[in-house]
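Everything on this sheet refers to the single structure shown next.
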Amino acid sequence: MSERTLIILKPDTVMRSNIGNVLSRIEAKGLKISALKMEWISKEKAGTHYAEHKGKPFYDSLINYITSCPVILGVIEGEDAITVIRTLCGSTDPHKAAPGSIRGDFGYKKGNDIFNVIHASDSPESAKREISIFFKDQEVFNYNK
């Protein structure tokens, strides 16, 4: 079944000039980029996006990090896009992510900080909610690949 998912190429991806490397892996997997933009996420939008983590010990550092630099936001579409993207990303812990996965190849840890390169929606419900935070309907394109 064709579905849509949100990706966020996090500040570490932008600052380390790995945008093209990550996007090329997504395209090579046969998925379609239906929307793509660079945005400096506001603390308000970040708070909406990460609402389920509010009150957790890492919440403030998460918000500060995702708002520290522009990010690349994308809507990815294709057959089982959520599962395919999450598999392509690998484990959220870069030290546990398989070599060849995005996080396995580009993610890293520095002390207690984890830089895992990319966010990917974890369910159809999350994808729909997350896409609506960052994209207007007219910013997401339907086209034949």
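Candidates are the residues of segment 70-113 that are acidic (Asp, Glu) and touching a helix residue (DSSP H, G or I) at 6+ places or on another chain (Cβ under 9 Å); the one that is nearest to residue 41 (Cα to Cα) is 113. Within segment 4-23, does at least one residue satisfy the condition of being of a type in the set (Gly, Ala, Ser) and either in contact with a Leu (Cβ under 8 Å, 6 or more places away or on another chain) or modelled with pLDDT under 95 (or both)? Checked segment 4-23: no residue is of a type in the set (Gly, Ala, Ser) and either in contact with a Leu (Cβ under 8 Å, 6 or more places away or on another chain) or modelled with pLDDT under 95 (or both).
This table checks each residue for (1) closer than 20 Å to residue 31 by Cα; (2) not in a loop (DSSP other than H, G, I, E, B).
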site: 56; (1), (2): no, no
site: 61; (1), (2): no, yes
site: 64; (1), (2): no, yes
site: 86; (1), (2): yes, yes
site: 103; (1), (2): yes, yes
site: 122; (1), (2): yes, no
site: 131; (1), (2): yes, yes
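Quick check: anything in segment 76-99 within 23 Å of residue 19 (Cβ to Cβ), among the acidic types (Asp, Glu) and in contact with a Leu (Cβ under 8 Å, 6 or more places away or on another chain)? Yes, segment 76-99 has at least one match. How many residues are at pLDDT below 95 and either more than 19 Å from residue 23 (Cβ to Cβ) or part of a helix (DSSP H, G or I) (or both) when one looks only at segment 105-120? Total satisfying the criteria: 7.
In segment 30-45, the residues that are farther than 22 Å from residue 141 by Cα and at pLDDT 95 or above reach residues that are surrounded by 15 or more Cβ atoms within 10 Å (Cβ to Cβ) and polar (S, T, N, Q) with C-beta atoms within less than 8 angstrom, at least six apart or across chains, in these pairs: 42/67; 43/67.
The values are calculated or read from the model by the stated rules, or taken from the named source; none is laboratory data. Predicted, not measured: the structure shown is a model, and the values here were computed from it. In this analysis, Cβ positions are derived from the backbone assuming ideal geometry, glycine residues included, and neighbour counts consider all displayed protein chains.
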